[in-house]
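*Asks:* Handing you a structure now.
The values are calculated or read from the model by the stated rules, or taken from the named source; none is laboratory data. Model, not experiment: these values are computed from the prediction. Glycine gets a Cβ as well: all are built from the backbone with ideal geometry, and neighbour counts include every protein chain shown.
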Amino acid sequence: MAIKRILVTGGAGFLGSHLCERLVESGHDVICLDNFFTSQKSNVAHLLGKPNFELIRHDVTHPIHLEVDEIYNLACPAAPGHYQYNPIKTMKTSVMGAINVLGMAKRCRAKVLQASTSEVYGDPTVHPQPESYRGNVNPIGPRACYDEGKRAAETLFFDYYRSNRVNIRVVRIFNTYGPRMHPFDGRVVSNFIRQALLGQDISMFGDGAQTRSFCYRDDLVEAMIRMMNGPDEFVGPVNIGNPNEFTIMQLAQLIMELTGNKGKIIHKPLPQDDPLQRQPDITLARQKLGWEPKTQLRDGLVKTIDYFRSINFSDFRAPTPNY
Ligand code: NAD
Ligand code: UDP
């Protein structure tokens, strides 16, 4: 195997830290770059002593000069509460971050993969969502800083590809969960598990009839690596996620069962523009990457709950008050 120099932006985050781990285990030279907005060093502490791992505190909105062969661009807050805290910064992170990694890829002739999102489909009117669906995003709503930022990043990736022949990959990630999610991340799986383990009420937004399709972290990271290593002709965008769809009420009930939580569900208002349904059509990923998720929600939740039991919540700083 040829050893590659691989940059992972957002590498200390939930998905990034697992990706770094996989790449380090494979023997590559890995540079993890992060500003620790929604993560902390402890996610990669176990990698710090390895000779093929390096950690840089840096903000992707600023250029950086590195020599690399591959770039996975994951830097961006992903939970609504945190990305809405400073929406202008969120947009800058997606857009200027994309310009900076694309510029680096162009200079180094590196391959660069963008972690895009199912949010490019907004509140979808087509169900399940194939890559050909152009979406239903409110460009002036509270989620727009993230949704439109990620859409603009996709545009930049494809313009650098067409105009400058940069070797790109774009993956559209659907809701993913697993160990190392930040306990104050504010996303539904981490919120419900934290609340359940602390014996608190479960915060259900709306009536819980809205749906999501939850993919386990390891399945997701496997698909990202396959996409990066696949043929240059297949640049995406490709949906990666688990097509098994659940209502948020079903998720709450499953987490309460698995944690033995006897508390109650309290209803809070559904946030503006909260998508009512979401399910990936993964036909393309199956065909082109020979990939499909293996982990069932129940099994993945058991592992995630074990992780949450193993940490002290007080060791974590809430990125913003919105969780
Ligand atoms: P995360 O918040 O754990 O990771 C994001 C990382 O990026 C964090 O470590 C954060 O500190 C870092 N970061 C944020 N702004 C930065 C900046 N300006 N400069 C440098 N680093 C910065 O979230 P995650 O779930 O691991 O998400 C990783 C990527 O995958 C994100 O781009 C996200 O949009 C995308 N994604 C994730 C999901 C999901 O369900 N987990 C779904 C769709 C897309
Ligand atoms: N949600 C909820 N309670 C919470 C957090 C989220 O009911 O404490 C709901 C939220 O309104 C949405 C779904 O769970 O309908 C998924 O939310 P999340 O923030 O995890 O992801 P996204 O909306 O970006 O898919």
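*Asks:* Report whether or not P293 is farther than 28 Å from N43 by Cα and touching a strand residue (DSSP E or B) at 6+ places or on another chain (Cβ under 9 Å).
*Replies:* In short, no.
*Asks:* Looking at (1) in contact (Cβ under 8 Å) with a residue 40 or more places away in the chain; (2) not acidic (D, E); (3) not in a loop (DSSP other than H, G, I, E, B), which one does G11 not meet, given that it meets all the others?
*Replies:* (3)
*Asks:* A further question follows. Looking at region 38-67, which of the residues that are assigned to a loop (DSSP other than H, G, I, E, B) and crowded, with 22+ Cβ neighbours inside 10 Å is nearest to ligand 2 (Cβ to nearest atom)? Explain how you work it out, then say what you get.
*Replies:* Filtering region 38-67 down to residues assigned to a loop (DSSP other than H, G, I, E, B) leaves 38-40, 48-52, 58-67.
Within this subset, residues satisfying the condition of being crowded, with 22+ Cβ neighbours inside 10 Å are 38-39, 60.
Values: T38: 13, S39: 17, V60: 21 Å.
Per the stated criteria, the residue is T38.
*Asks:* Listed residues V95, V101; which is closer than 22 Å to L15 by Cα, β-branched (V, I, T) and surrounded by 21 or more Cβ atoms within 10 Å (Cβ to Cβ)? Lay out the reasoning, then the answer.
*Replies:* Details: V95 fails: surrounded by 21 or more Cβ atoms within 10 Å (Cβ to Cβ).
Exactly one residue qualifies, and that residue is V101.
*Asks:* Under the condition of being surrounded by 19 or more Cβ atoms within 10 Å (Cβ to Cβ) and more than 16 Å from ligand 2 (Cβ to nearest atom), which residue from region 69-89 is nearest to L270 (Cα to Cα)?
*Replies:* Looking at the filtered set, the residue picked out is A75.
*Asks:* Another question, if that's okay. Pairs only if they're at least six apart or on different chains, beta carbon under 9 angstrom, first in region 145-159 and among the polar types (S, T, N, Q), second away from ligand 2 (no atom under 16 Å from the Cβ); list them, first residue then second.
*Replies:* Pairs that qualify, where the first residue is among the polar types (S, T, N, Q) and the partner is away from ligand 2 (no atom under 16 Å from the Cβ), are T155/A98.
*Asks:* Residues being touching a Lys or Arg at 6+ places or on another chain (Cβ under 6 Å) and closer than 21 Å to P243 by Cα: count how many of those fall in region 131-175.
*Replies:* Matching residues across region 131-175 total 1.
*Asks:* Taking only region 94-109 into account, find how many residues are in contact with a helix residue (DSSP H, G or I) (Cβ under 7 Å, 6 or more places away or on another chain) and more than 16 Å from ligand 2 (Cβ to nearest atom).
*Replies:* Selection size over region 94-109: 5.
*Asks:* Within region 240-258, track down each residue that is in contact with a helix residue (DSSP H, G or I) (Cβ under 9 Å, 6 or more places away or on another chain) and closer than 25 Å to M228 by Cα.
*Replies:* Correct list: I240, G241, N242, N244.
*Asks:* Something else now. Answer with yes or no whether A12 is away from ligand 2 (no atom under 16 Å from the Cβ) and at pLDDT below 95.
*Replies:* Taking the combined requirement at face value, the residue does not satisfy it.
*Asks:* Assess whether K303 counts as being in a helix (DSSP H, G or I), touching a residue at least 12 places away in the same chain (Cβ under 8 Å), surrounded by 11 or more Cβ atoms within 10 Å (Cβ to Cβ) and under 20 Å from the mean Cα position of the chain (by Cα).
*Replies:* Working: in a helix (DSSP H, G or I): yes; touching a residue at least 12 places away in the same chain (Cβ under 8 Å): yes; surrounded by 11 or more Cβ atoms within 10 Å (Cβ to Cβ): yes; under 20 Å from the mean Cα position of the chain (by Cα): yes.
Here the answer is yes, as K303 does meet what is asked.
Here is a yes/no grid of residues against (1) closer than 21 Å to I225 by Cβ; (2) in contact (Cβ under 8 Å) with a residue 60 or more places away in the chain; (3) more than 15 Å from ligand 1 (Cβ to nearest atom); (4) within 21 Å of the chain's Cα centre (by Cα):
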residue: G260; (1), (2), (3), (4): no, no, yes, no
residue: K264; (1), (2), (3), (4): no, yes, yes, no
residue: A285; (1), (2), (3), (4): yes, yes, no, yes
residue: P293; (1), (2), (3), (4): yes, yes, no, yes
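*Asks:* Scanning for something assigned to a helix (DSSP H, G or I) and either near ligand 1 (Cβ under 8 Å from one of its atoms) or hydroxyl-bearing (S, T, Y) (or both), does region 97-106 turn up at least one residue?
*Replies:* Yes - at least one qualifying residue is present in region 97-106.
Okay, residues lined up against (1) out of contact with any Leu (no Cβ under 9 Å at 6 or more places or on another chain); (2) within 23 Å of F214 (Cα to Cα):
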| position | (1), (2) |
| --- | --- |
| H28 | yes, no |
| F36 | yes, no |
| K50 | yes, no |
| Y72 | no, yes |
| Q84 | yes, yes |
| K89 | yes, no |
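*Asks:* OK, next. Within region 186-228, how many residues turn out to be within 15 Å of T304 (Cβ to Cβ) and more than 10 Å from ligand 2 (Cβ to nearest atom)?
*Replies:* Of the residues in region 186-228, 10 are within 15 Å of T304 (Cβ to Cβ) and more than 10 Å from ligand 2 (Cβ to nearest atom).
*Asks:* Can you confirm whether region 245-264 contains a residue that is touching a Gly at 6+ places or on another chain (Cβ under 8 Å), within 24 Å of Q296 (Cβ to Cβ), among the polar types (S, T, N, Q) and assigned to a loop (DSSP other than H, G, I, E, B)?
*Replies:* Yes, region 245-264 contains a residue that is touching a Gly at 6+ places or on another chain (Cβ under 8 Å), within 24 Å of Q296 (Cβ to Cβ), among the polar types (S, T, N, Q) and assigned to a loop (DSSP other than H, G, I, E, B).
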